[in-house]
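The values are calculated or read from the model by the stated rules, or taken from the named source; none is laboratory data. All of these numbers come straight from a predicted model, not from anything done at the bench. Virtual Cβ from ideal backbone geometry, glycine too; neighbours counted across all protein chains shown. The area values use the complete protein model at the heavy-atom level, side chains included, leaving out ligands, DNA and RNA. Shrake-Rupley method; radii C 1.70, N 1.55, O 1.52, S 1.80 Å.
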Amino acid sequence: MSKITAAITAVGGYVPDFVLSNKVLESMVDTNDEWITTRTGIKERRILKDEGKGTSYLAIKAAENLINRSGVDPKEIDLVVVATATPDLLVASTAVYVASQIGATNAFAYDLQAACSSFLYAMSTASAYIESGRYKKVLIIGADKMSSIIDYTDRATCIIFGDGAGAALFEPNEEGYGLQDEYLRSDGAGREFLKIEAGGSLLPPSEDTVKNKQHFVHQDGRTVFKFAVSNMADVAEKIMMRNNLTHDDVSWLIPHQANLRIIDATAGRMNLEDSKVLKNIQRYGNTTSATLPLLLSDFESKFKKGDKLIFAAFGGGFTWGSTYLTWAYNS
Ligand code: COA
């Protein structure tokens with residue numbers, strides 16, 4: 001019997017309508033379009049403005065888009081994982097609500113949090129369940145309402161992040177397509193450099209934590225940048241070497257969209273031409289858990305059966321990694 005591999009069989013995505021441009025940010029903080037564009041590559045990002053809507057709204061929209069595009073019956077889904085750093089609630093998993101809302105009534109569901117690497121780790125989870133034969137349809141959704149944890153008076157963070165969601169369905173494949181290899185890493189020394197200080201068990205919310213803006217994301221951008229550049233490039237290069245892939249073999253790089261310079265450095269180390277490097281950072285900014293599946297959703301029509309995709313991500317924690325996957329269908 002041939003080994004079962006775990007392949008992506010459908011994708012979906014969603015971004016909210018409201019566009020926050022660099023021009024508008026110029027009127028909010030001391031920054032300018034030229035600085036943001038040259039330092040990050042970002043031109044605009046999408047923001048979920050509607051009150052009373054959280055990350056689940058984005059996740060449900062992305063999952064519904066996947067269901068409409070593929071025709072999959074939600075009742076057949078075994079597991080729903082929502083990868084997110086911005087759950088609706090701290091207790092009561094966002095994924096459970098999402099699963100119910102999309103009609104995945106026979107599934108179990110939970111959230112997974114590894115900052116900007118969440119979707120990469122969720123791909124690992126989905127694949128392990130499928131390869132073991134335990135489950136047949138695993139829906140993973142990367143979704144983040146970053147605007148809910150951003151201080152729009154802090155120019156070091158508010159220019160970077162945006163809201164969005166993307167989804168991918170994993171199923172067994174007997175032709176050998178799907179996830180081939182992964183190289184996932186983490187290092188707790190990184191938590192000093194990118195974090196939300198308060199609201200968790202270490203520093204519960206109080207009047208002081210609100211006053212001191214400790215419920216917002218804070219980062220030491222320069223340090224994060226340094227680690228991101230070297231680690232993302234390292235793992236992408238390692239996974240190519242381990243699988244005897246040259247730059248000619250690789251069809252597409254699917255890189256986390258944090259900063260155009262980090263993406264270019266990773267592609268450079270892989271010796272990959274720019275036409276194979278997928279980007280939508282200019283339109284969405286960094287949507288954290290959603291960057292990778294939004295690329296899959298936006299560029300699905302370019303992928304052909306057998307294409308070799310290299311994913312690479314880096315995020316808070318620190319967490320990072322690279323995954324090698326072959327595409328299983330022509331859309
Ligand atoms: N507009 C204008 N100037 C700004 C600015 C902004 N939005 N933000 C910072 N600056 C200024 C700084 O104050 C600094 O001024 P100084 O030299 O007078 O002190 C100067 O620009 C350079 O700042 P620096 O932080 O060194 O810039 P940078 O080239 O490192 O770019 C980031 C800043 C945040 C874009 C970059 O560090 C980055 O992308 N880091 C990774 C962040 C990330 O991706 N986080 C998510 C995890 S994946």
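Quick check, is residue 199 surrounded by 15 or more Cβ atoms within 10 Å (Cβ to Cβ), in contact with a Pro (Cβ under 7 Å, 6 or more places away or on another chain) and not charged (D, E, K, R)? Yes; evaluated as a whole, the condition is true for this residue.
May I ask you to list the residues in region 273-325 that are acidic (Asp, Glu) and more than 18 Å from residue 236 (Cβ to Cβ)? Passing the criteria: 298, 300. If you scan region 288-328, which residues turn out to be open to solvent by 10 Å² or more (accessible area, probe 1.4 Å) and at positive phi? Within region 288-328, 306, 317 qualify.
Of all the residues in region 226-249, those that are open to solvent by less than 10 Å² (accessible area, probe 1.4 Å) and more than 24 Å from residue 114 (Cβ to Cβ) number 0. Scanning region 222-261 for residues that are within 16 Å of the ligand (Cβ to nearest atom), more than 20 Å from residue 294 (Cβ to Cβ) and touching a strand residue (DSSP E or B) at 6+ places or on another chain (Cβ under 9 Å) yields 223, 224, 227, 229, 231, 233, 234, 235.
Just name the residue that is nearest to residue 3 (Cα to Cα) out of those in region 79-127 that are β-branched (Val, Ile, Thr) and not in a loop (DSSP other than H, G, I, E, B). Filtering first and then ranking leaves 125. Which one of the conditions (1) open to solvent by 10 Å² or more (accessible area, probe 1.4 Å); (2) assigned by TED's automatic domain parsing to the domain that holds residue 222; (3) away from the ligand (no atom under 14 Å from the Cβ); (4) not aromatic (Phe, Trp, Tyr) does residue 331 fail to meet, given that it meets all the rest? Checking residue 331 against (1) open to solvent by 10 Å² or more (accessible area, probe 1.4 Å); (2) assigned by TED's automatic domain parsing to the domain that holds residue 222; (3) away from the ligand (no atom under 14 Å from the Cβ); (4) not aromatic (Phe, Trp, Tyr), the one that fails is (2). Evaluate region 269-279: report whether one residue or more is near the ligand (Cβ under 10 Å from one of its atoms), within 24 Å of residue 41 (Cα to Cα) and within 18 Å of the chain's Cα centre (by Cα). Within region 269-279, none of the residues are near the ligand (Cβ under 10 Å from one of its atoms), within 24 Å of residue 41 (Cα to Cα) and within 18 Å of the chain's Cα centre (by Cα). Looking across region 75-106, the residues that are more than 21 Å from residue 216 (Cα to Cα), open to solvent by less than 50 Å² (accessible area, probe 1.4 Å), small (Gly, Ala, Ser) and out of contact with any Asp or Glu (no Cβ under 6 Å at 6 or more places or on another chain) come down to 99, 103, 104.
Among the residues here, residue 272 does not qualify as at pLDDT 95 or above, open to solvent by less than 10 Å² (accessible area, probe 1.4 Å) and not assigned by TED's automatic domain parsing to the domain that holds residue 116. Only one entry of 156, 189, 167, 114 meets the criterion of being more than 16 Å from the ligand (Cβ to nearest atom) and in contact (Cβ under 8 Å) with a residue 60 or more places away in the chain, and that entry is 167. Inside region 192-211, residues that are hydrophobic (A, V, I, L, M, F, W, C) and within 16 Å of the ligand (Cβ to nearest atom) make up a count of 3. Pairs are defined by a Cβ separation below 7 Å, a sequence spacing of at least 6 or placement on different chains, a first member in region 17-39 that is in contact (Cβ under 8 Å) with a residue 40 or more places away in the chain, and a second member that is more than 10 Å from the ligand (Cβ to nearest atom) and assigned to a strand (DSSP E or B); the pairs so defined are 20/44; 20/45; 20/47; 22/44.
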